[in-house]
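A.B. asks: One structure is given below, represented as structure tokens, and several questions about it will come after.
Just so it is clear, none of the values below were taken in a lab; they were calculated from the coordinates. If you're wondering where the values come from, they're calculated on a predicted model, not measured in any experiment. As a convention, Cβ positions derive from the backbone with ideal geometry for all residues, glycine included, and neighbour counts pool all protein chains shown.
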Amino acid sequence: MRSITRIGRRTVAGAFAALLVIGALSGATGATVPGATYLTFVANSQSANPSVAIASVGGNDVRILGHGSMALIAPNGSSVAVISTSATSGGSSSTLWLYPSRGGPARKLYHSSEFIDLFGWSADSRLLLADLSGASNGVGPLLSIDAKSGATHTIAKGVISGASFSEQGSDDVVYSLAQSQLTSAAVNIYTSSWTGGDVNEIVTGGHSTNPLWGPKGIVFVRQSSRGSAAEPLNQLWFIESNGAGARQLTHMSLSPLVDGLVPVAFSANGSHLLADFQGTDTSAAWVVDLSGAKAVVRDLDGIADGNIAAGISRSGQTVLIDSGFEGSPRSVETIPWGGGKPTVLAKHGAFASWNY
């Protein structure tokens, strides 16, 4: 995916002369945010030597944690999971590291000869959800990894098209699974425990992907064919975790080169959903208001392309984006839920995450 080696602290400090982790953000959720809040991102992601940086939300400090191509901050802010890759005689290998947010040496948590793709943390900051997406024939295991011991459990084996932990007070998992990469392979949605037990197929039909487990239930993508000349069309659906109450949220009619929405993140109360609007050479942050009886869908900033939805604050009032086209200089920015002028948090940064 993205190769990495470490870059020097001096180089990074120069790149972040315009870093603005603004104090104004600290007032948005106030005392409702437990513990410290941090922003992580990949510095100089388009170079051959990207590294992972961390900054406190509401402060002006920036530190380099180490080399890496992907980073996810734990919900409680205590740790950052970082993926680094290295070349091998057979191709490449990847390592999952755990860095203390407040500083200190990294701990090697997991190593694989395949690429490790992180889906997220459990709500209690105890577990990580990872997919070995580079496995032979693209069929790899979905794993839960204990952030303290490094112990792993295989949740499922197959082609994983999205997965997340529950946001409803447990460490249960929802995931989309197909048995092969064939376009004709059925892909359905399942829930299970974090150890892989108690498996339930909650969405059938063979065309459902990208489930995201929020405070009120699960939002997922149901795809419909538009013929051989076009990609499938995405519509967002909602379902309760027990498989009841399925209902369609979006009814979008789009051009053949545009796929539609993929859910990214929920606000703490589940009423605000951030999604990525995807298609050929297209990525844009959209928001879905779920506070009423009918979902209201809106392009966040009115720009058809050029940003990637990265995260949403617990209050739901601030959206985190990666701005810029793939292959071009990127920056990490925020935009108010209601739209408005972006605020740059980090120039030359990308692949952001936060626990704000």
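A.B. asks: Whose amide H sits under 5 Å from the amide H of residue 38, counting only residues 5 or more places off or on another chain, with H placed in the peptide plane?
C.D. replies: So residue 38 has HN proximity to 57, 355, 356.
A.B. asks: Oh, and also: Explain nothing, just compute: Karplus ³J(HN,Hα) = 6.51 cos²θ - 1.76 cosθ + 1.60, θ = phi - 60°, for every residue of region 242-247 in order, whole Hz, x for Gly and Pro.
C.D. replies: Calculated HN-Hα couplings, in order: 8, x, 8, x, 5, 8 Hz.
A.B. asks: Mind checking the dipole of region 117-222: about its Cα centre, +1 per Lys or Arg Cβ, -1 per Asp or Glu Cβ, Debye to the nearest 20?
C.D. replies: Approximately 160 debye in magnitude.
A.B. asks: If each residue's Cβ is checked for other Cβ atoms within 10 Å, how do 209, 40, 250 rank with the fewest at the top?
C.D. replies: Ordered by Cβ neighbours within 10 Å, fewest first: 250, 209, 40.
A.B. asks: Ranked by Cβ crowding within 10 angstrom, fewest neighbours first, how are 341, 216 ordered?
C.D. replies: Final ranking by Cβ density, sparse to dense: 341, 216.
A.B. asks: Let me know the shape class of region 237-328, please: from the alpha-carbon gyration tensor, a ≥ b ≥ c as square roots of the eigenvalues, rounded when a/c is under 1.5, otherwise prolate if a/b is greater than b/c, or oblate.
C.D. replies: Oblate, since a/c reaches 1.5 and b/c is not below a/b.
A.B. asks: Whose amide H sits under 5 Å from the amide H of residue 187, counting only residues 5 or more places off or on another chain, with H placed in the peptide plane?
C.D. replies: Those qualifying (amide H under 5 Å, at least 5 residues apart or on another chain) are 206, 207, 208.
A.B. asks: Given H placed on each backbone N at 1.01 Å, which residues far from residue 123 in sequence or on other chains put an amide H within less than 5 Å of it?
C.D. replies: It is none; the list stays empty.
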